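Report on the following structure.
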Amino acid sequence: MKNKTLIVIAGPTAVGKTSFSIELAKMLGTEIVSSDSRQFYKEISIGTAKPTKEELARVKHHFINSLSIDEYYNVSRFEREVLDLLDELFLTYDYVVMTGGSGLYIDTVCKGIDELPDADESLRNLLKRRYKEEGLENLLDELKALDPEFYEEVDQDNPNRVLRALEVIRGTGKKYSELRKQPAKERPFNILKFCLNHEREELFERISLRVDQMVKEGLIDEVKSQLPNRHLNALNTVGYKEIFQYLDGNISLEQALTDLKTNTRRYAKRQITWFKRDPAYVWVHPNDINKVLEVIRNGIR
RNA sequence: GGUACCAUAGCUCAGUUGGUAGAGCAACGGACUGAAAAUCCGUGUGUCCCUGGUUCAAAUCCAGGUGGUACCA
């Protein structure tokens with residue numbers, strides 16, 4: 001029954017997922033699904049380290065340049081669209097490679113996510129205003145009254161979490177804690193998960209080099225072209241927010257690049273933390289594609 | 001070669017009249033359900049340059065050494 005396999009290639013930013021995945025997809029004769037929440041957007045390419053045109057020509061990629069920067073999108077839509085696409089791809093291929101650094105997006109494809117309402121912008125803005133005017137305490141009191149169970153488990157220092165919970169409760173009339181209790185979904189295909197990683201020092205060196213390379217390729221102009229869109233969520237992103245600061249004249253270019261590198265390192269760390277939590281990942285060095293092939297081979301038996 | 005100043009966390013530096021040390025940044029660890037490249041939480045990681053001396057006790061005082069910086073030759 002489960003004779004089809006999704007091969008997940010995860011890992012921190014700048015580790016080398018793109019070229020690794022292309023090699024792997026070539027060897028397996030298949031296509032690539034991107035699980036990168038910023039490479040969707042066709043307007044931003046340099047700062048998101050998208051595959052190059054040449055790379056895109058070597059293997060068919062999905063979910064790269066699939067959205068315009070002002071389009072609303074979320075992880076649930078991604079889940080649905082990827083599952084639909086996989087149905088189709090598995091008619092032709094035994095394996096499909098999924099690669100990208102967005103842990104939540106990967107997990108949602110692999111395990112599903114609870115049925116929750118999409119963001120309700122007007123409600124969200126209302127709650128945001130209350131947060132600014134009244135502070136988090138009042139909102140926490142309300143959450144405690146409406147959903148004591150979630151109040152106990154929520155990160156009470158994190159406004160985003162508290163606001164989202166209230167948004168869902170108000171939007172559905174149900175408790176957030178009850179809506180989030182659905183079990184992980186089973187997928188009709190096998191999943192093999194790999195996480196690429198380097199020694200920390202080498203990863204940081206790669207990050208530094210890549211940022212310098214992005215600047216040479218025209219990062220500043222790309223960010224400049226997005227100044228009118230800067231309020232959009234897609235641009236609340238490492239690589240863009242630092243350059244916006246430079247373009248605003250708040251910091252020097254040198255400082256902006258230093259900040260960009262620092263923030264990229266921190267992002268990489270958060271990614272590693274996310275992937276470490278999932279014991280299903282097999283950790284591999286980006287040179288060691290044979291290890292992946294071996295696991296795939298053993299997986300068949 | 002001489003004189004002066006300096007040497008403390010990865011970096012920049014604080015450290016009172018002697019009581020084995022602490023800030024910023026960096027880093028490290030963690031959380032994570034429609035904003036996720038987002039958002040949030042936690043943590044000092046040290047041969048106080050070396051050797052000897054004074055002292056109950058030395059990052060701190062003394063001597064010598066080493067290294068650095070500046071000036072004079």
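Say we look at the stretch A:227-243 and pick out the residues that are part of a helix (DSSP H, G or I) and within 8 Å of RNA strand B (Cβ to nearest atom); which of these is nearest to A:GLU217 (Cα to Cα)? Talk me through it step by step, then tell me what you get.
So in the stretch A:227-243, the residues part of a helix (DSSP H, G or I) come out as A:227-229, A:233-235, A:241-243.
Filter once more, keeping what is within 8 Å of RNA strand B (Cβ to nearest atom): A:233-234, A:241.
Details: A:ASN233: 24, A:ALA234: 20, A:LYS241: 18 Å.
Applying the filter and picking the extreme gives A:LYS241.
Has the stretch A:50-57 got any residue that is under 21 Å from A:LEU196 (Cα atoms), touching a Phe, Trp or Tyr at 6+ places or on another chain (Cβ under 6 Å) and at pLDDT 95 or above? Lay out the reasoning, then the answer.
Within the stretch A:50-57, the subset under 21 Å from A:LEU196 (Cα atoms) is A:50-52, A:55-56.
Filter once more, keeping what is touching a Phe, Trp or Tyr at 6+ places or on another chain (Cβ under 6 Å): none.
The answer is no; no qualifying residue exists.
Restricting the search to the stretch A:48-100, which residues are assigned to a strand (DSSP E or B) and within 12 Å of A:ARG38 (Cα to Cα)?
First pass over the stretch A:48-100, keeping only residues assigned to a strand (DSSP E or B): A:61-62, A:67, A:95-99.
Listed by number, the list holds a single entry, A:LEU67.
For the stretch A:186-232, which residues satisfy the criterion of being closer than 20 Å to A:VAL8 by Cα, under 20 Å from the mean Cα position of the chain (by Cα) and open to solvent by 30 Å² or more (accessible area, probe 1.4 Å)?
Those that are closer than 20 Å to A:VAL8 by Cα, under 20 Å from the mean Cα position of the chain (by Cα) and open to solvent by 30 Å² or more (accessible area, probe 1.4 Å): A:ILE191, A:LEU192, A:ASN197.
Determine whether the stretch A:23-33 contains at least one residue that is assigned to a loop (DSSP other than H, G, I, E, B), within 22 Å of A:THR108 (Cβ to Cβ) and not acidic (Asp, Glu). Don't jump to the end; show me each part of the working.
Residues of the stretch A:23-33 that are assigned to a loop (DSSP other than H, G, I, E, B), as a first pass: A:29-31.
Next, only the ones that are within 22 Å of A:THR108 (Cβ to Cβ) stay: A:30-31.
After this cut, where a residue has to be not acidic (Asp, Glu) as well, the list is A:30.
Yes.
Since A:GLY101 meets every condition but one in (1) in contact with a helix residue (DSSP H, G or I) (Cβ under 8 Å, 6 or more places away or on another chain); (2) modelled with pLDDT of 95 or more; (3) more than 8 Å from RNA strand B (Cβ to nearest atom); (4) open to solvent by less than 20 Å² (accessible area, probe 1.4 Å), which condition does it not meet?
(3)
Among the residues that make up the stretch A:42-54, is at least one of them in contact with a strand residue (DSSP E or B) (Cβ under 7 Å, 6 or more places away or on another chain) and on the phi > 0 side of the Ramachandran plot?
Looking for residues that are in contact with a strand residue (DSSP E or B) (Cβ under 7 Å, 6 or more places away or on another chain) and on the phi > 0 side of the Ramachandran plot, one finds none in the stretch A:42-54, hence no.
Would you pick out the residues in the stretch A:101-124 that are on the phi < 0 side of the Ramachandran plot and part of a loop (DSSP other than H, G, I, E, B)? Talk me through it step by step, then tell me what you get.
Taking the stretch A:101-124 first, the residues on the phi < 0 side of the Ramachandran plot are A:101-111, A:113-124.
Selection gives A:GLY101, A:SER102, A:ILE113, A:ASP114, A:GLU115, A:LEU116, A:PRO117, A:ASP118, A:ALA119, A:ASP120.
Scanning for something assigned to a helix (DSSP H, G or I) and more than 10 Å from RNA strand B (Cβ to nearest atom), does the stretch A:258-276 turn up at least one residue? Show your work before the answer.
The first filter runs over the stretch A:258-276 and keeps only residues assigned to a helix (DSSP H, G or I), leaving A:258-276.
Subset that is more than 10 Å from RNA strand B (Cβ to nearest atom): none.
No, the conditions are met nowhere in the stretch A:258-276.
Mind telling me which of the residues A:ASP118, A:ASP107, A:ASP94, A:ASP114 ends up being modelled with pLDDT of 95 or more, within 13 Å of RNA strand B (Cβ to nearest atom) and within 30 Å of A:HIS61 (Cα to Cα)?
Only one candidate qualifies: A:ASP107.
Which of the residues belonging to the stretch A:211-235 are charged (D, E, K, R) and out of contact with any helix residue (DSSP H, G or I) (no Cβ under 8 Å at 6 or more places or on another chain)?
Just the residues of the stretch A:211-235 that are charged (D, E, K, R), to begin with: A:212, A:216-217, A:221-222, A:224, A:230.
Matches in the stretch A:211-235: A:LYS216, A:GLU217, A:ASP221, A:GLU222.
The values are calculated or read from the model by the stated rules, or taken from the named source; none is laboratory data. None of these values were measured; they are calculated from a predicted model. Positions of Cβ are backbone-derived with ideal geometry, glycine not excepted, and every protein chain shown enters the neighbour counts. SASA here: full protein model, heavy atoms, side chains in, ligands and nucleic acids out. Shrake-Rupley method; radii C 1.70, N 1.55, O 1.52, S 1.80 Å.
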